[in-house]
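Right, one structure below, let's go through it.
The values are calculated or read from the model by the stated rules, or taken from the named source; none is laboratory data. Just so it is clear, the structure is predicted and the values come from calculations on it, not from any experiment. We place every Cβ from the backbone using ideal geometry, glycine too, and count neighbours over all the protein chains shown.
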Amino acid sequence: MRLLRDLPIRRKLVVILMIATGGALVLAGAGLLTLDYFRLRSEMATDLRTLAGIVGLNSTAALSFQNQQDARETLQALVANPSIVGASLYDGQGALFARWARPGAKPDIPLRAGPRGASFRGDFLTLFEPVVLDGKRIGTVYLVSSLDEIWHRLLLRALTIAAVFLLAALAALALSSGLQGLISRPVLHLADTARAVSERNDYSLRAGKESADELGRLVDAFNEMLSQIEERDTELLSAKADLEHRVADRTQELQVANAELQQSNRELDDFAYIASHDLKEPLRGIHNYSMFLLEDYADKLDDDGRSKLETLMRLTRRMEVLIDSLLQYSRLGRIDLTMEEVDLNQVVAEVLENLDASLQAERAEVVVPRPLPRVLCDRVQTGEIFHNLIVNGVKYNDKERKRVEIGYEEGLSGAPPAFYVRDNGIGIPDKHHDAIFRIFKRLHARDRYGGGTGAGLTIVKKIVERHNGRIWVESTPGEGTTFHFTLGKGDSIAAQHAEPADSPG
Amino acid sequence: MAVLRRGLLLLLLLACPVAPLGAQAPEYDVKAAFLFNFVKFVEWPADAFAAERAPLAICVYGSDPFGRSLETVIQGERVGERGLIVERPDRLDDLEACHVLFVSGSEKDRLAAVLARVKDAPVLTVGDTEGFLRAGGIINFILEGSKVRFLINQEAAERSGLRISSKLMRLAVSPGGR
C-alpha cells in the first residue's frame, strides 16, 4: 500500500484497475474450480451408477444361472473404460461371485457386498449397486473408479481459466491504460496549472475543464479560487502601495519633527548655558559689592545689618553653585562624547585618588571585589558617573563604618555588563525612586547630609542615557542603596531589572 | 470335544439352508431354480395366456424328479403381474395349457410324441435327456462336471412363437460343442 501511495496517479489508476480485475478473476477462477470439483465428483458418481446399472443388467442371466464365466466376461468388458480399475459381482446372498481387476492395478475388492451407494476413498470412487431382475434383487455390482480423470479434467479447466485470466488481464491492462486518462488527464492538467501558478506567481492562469463530473467541479472550484486570489492580490498590492506611501509620509513627518526637536533641544541647552553663564556675572557683582559693603562700611553697620549682608553673600554663593550645576548639566547636552575603549579600573582609581581626602575624613571605605572590564565609553564622563555615585554613597550615610562597593554583572547573551555602586547608607524609600533623578530635587533639608545642589543623579542619568544605557535603583531604607547602570543598549538587562522596586534587597 | 462336535453340527445345520444354489446343491434343486429363472428370460406371445393376469404354469410330465423343490422355488414369486403355479398333468391333451413343460427322463422313449404334441404351441419345453433338442425340444440341461448348464434350440423356440432373451442365449452351451 505504501508503494502504491507514491506512484504517479496514472500508474496508480492502472494498478488499481488491474488489482480489481485480477482479484475478481482469481476469485471467479477459484470459485469455478471448486464448483467444478464438486460437480465432477457428483457427475462421476452418477456416471458410475449408470455404468453399474448396465453391468448389472448384463449380469442378470449370469447371476440367475450361476455362470461365473459369463459374469467375468461381462466384467472384463469394462476394460474399455480407462477410469475403472476393478469390478466385482456378488450373488443374492452377498457372497463374491466374480471379480475383475485391470492389469497392473490392485484394487481393493471386498469379499462381501456392502451397502448400496458411492463413496470417495483416497484416490478412488467406489460404488455398490444392486442387480435387480423382475423387481427382485438377485445380486450386487461393485465398481472401483480412479479419480485421475477428475484431476485431469480439473487441470485442464485450470489451464483454460489461466489462459482466460491472462487474456483478460492483458485486455484489462490495455483498457485501463487507455481509460485511466479520463481521470488522470484532468488531474494532471490541474496539477500542472497549480505548479505554473505557484512558480510564476501568475494568478491569471486558468485550468481547462474537460468533463462535468467531480473533476470538472474541482477544476471550476480551482479556477474560482484563482479568481479570488487574483482579486485579493490586486487589492493587497494597492493596499501595500498605499501603506508604503503612508509610511514614507509619516517617516518624513517624523524626521522633520525630530529635527525640530533636536533644534529646540539644542536651543534650550544653549539658552540654559548662556543664561546661566550670563547670570553668573551680575551674581558675582552682587557678591563682590556685598563684600565691599561689609569691608568698607563695617564701622557704620550694626550687627543686624552685618548679619543680613552675610546672609546675602551666602545666598549668592549658593546661587553660584546652583548655576554651576546648571552649566555642567547643560554642557552635557552640548558636547559630543569621545567614545573609546576604556579600562574602568583606571577610571575608578583616578576618581578614588581625587576623593581620597574627603573619604578619609568621612572614614569611608570603597571596595572593588573584582577587576572591572574594559568598555567602550567616554572616559571623563564615565568617571563623573562613578564620582557622583561614590560621593552620594558616602554623603547619605549615617553608619559608623561607611562602605561603598563597586562591581558589575555580566550581561546575558551579548548584552553589555551592568555596573553597580552599592552603599550601606540611609536608603531611599520606593516612592522616591523616580524623584531622585530630577534636577535640584532634594529629599532632605538643605543643611542635612552636607547639603548639595541635587543635580548629581540628574547628571549621572543624563550621561548614562547619552551612552544609550539605563540606570535604576534598588534600596532598603536604613540598610543601603544600590545603583545599577549600563553603558550601551542592553535590552535583556533592562528587561531583567525592569521593575527594580519590586526586587528585594 | 463335546463343544467342538456341537459346533461342527451347528455349522452343518447352518450351511445347508443358506448354501447358494451352486455345485454343492442337489442337481434337481438347481434345475428347479433354473426352470423358474428361464421364465424371466423368455417372452410368451400374448395369446398364450387365458387372461391378462392368468398364472404362468410350470408343468412336469412323467415321473417327478424335483420333489417339493419346484414349489419351494416359486413360493411367493411373481413374474410381472403373473403368479406361478406348478402342474403335473397326466394326459398329453393337457400339455398345451402349460407354459413351461419339463419332460422327465422317464418319458425318454416317448419324447417325439410328447414334443410333437406341443410343437406349434407357445410352450417352453425343457428336458435333460440325450437327444432332447433333436427331438424338437427347446432347452436341454447338461452337466459340465458338477455344474448344470444348458443347450438351446432357437429354431424350435421361434417355431413355438417364444422369444428367448439374448442374455439367456449367451449362457447356452453351443450345440456344436456337444
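Tabulated values for the structure
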item	result
Matching option when the condition is of a type in the set (Lys, Arg), surrounded by fewer than 15 Cβ atoms within 10 Å (Cβ to Cβ) and closer than 30 Å to A:ILE335 by Cβ, among A:ARG363, A:ARG374	A:ARG374
Lone qualifier among B:ARG53, B:ARG78, B:ARG88 - being at pLDDT 90 or above and of a type in the set (Lys, Arg)	B:ARG88
Unmet requirement for A:THR126, which otherwise passes all of (1) buried (at least 17 other Cβ atoms within 10 Å of the Cβ); (2) out of contact with any strand residue (DSSP E or B) (no Cβ under 6 Å at 6 or more places or on another chain); (3) of a type in the set (S, T, N, Q)	(2)
Residue ranges of helices (runs of 4 or more DSSP H) in segment A:1-119 with at least 1 members within 14 Å of another protein chain (Cβ to nearest Cβ), without any contact (Cβ under 8 Å) to a residue 60 or more places away in the chain and surrounded by fewer than 19 Cβ atoms within 10 Å (Cβ to Cβ)	A:9-64, A:68-76
Considering residues of segment B:70-89 that are within 14 Å of chain A (Cβ to nearest Cβ) and without any contact (Cβ under 8 Å) to a residue 40 or more places away in the chain only, the residue surrounded by the fewest Cβ atoms within 10 Å (Cβ to Cβ)	B:GLY76
Residues of segment A:394-422 that turn out to be under 49 Å from the mean Cα position of the chain (by Cα) and on the phi < 0 side of the Ramachandran plot, as a count	16
Any hit, segment A:400-414, residues being surrounded by 15 or more Cβ atoms within 10 Å (Cβ to Cβ) and touching a Gly at 6+ places or on another chain (Cβ under 7 Å)	yes
Residue ranges of strands (runs of 3 or more DSSP E) in segment A:339-387 with at least 3 members touching a residue at least 40 places away in the same chain (Cβ under 8 Å) and not acidic (Asp, Glu)	A:374-378
Test result for A:LEU205, loosely packed, with under 13 Cβ neighbours inside 10 Å, more than 30 Å from A:ILE323 (Cβ to Cβ) and free of Cβ contacts under 8 Å to residues at least 40 places away in the same chain	no
Which numbered condition A:GLY427 fails, given (1) assigned to a loop (DSSP other than H, G, I, E, B); (2) more than 19 Å from A:PHE485 (Cβ to Cβ)	(2)
Test: residue in segment A:180-191 that is on the phi > 0 side of the Ramachandran plot and outside any helix (DSSP H, G or I)	no
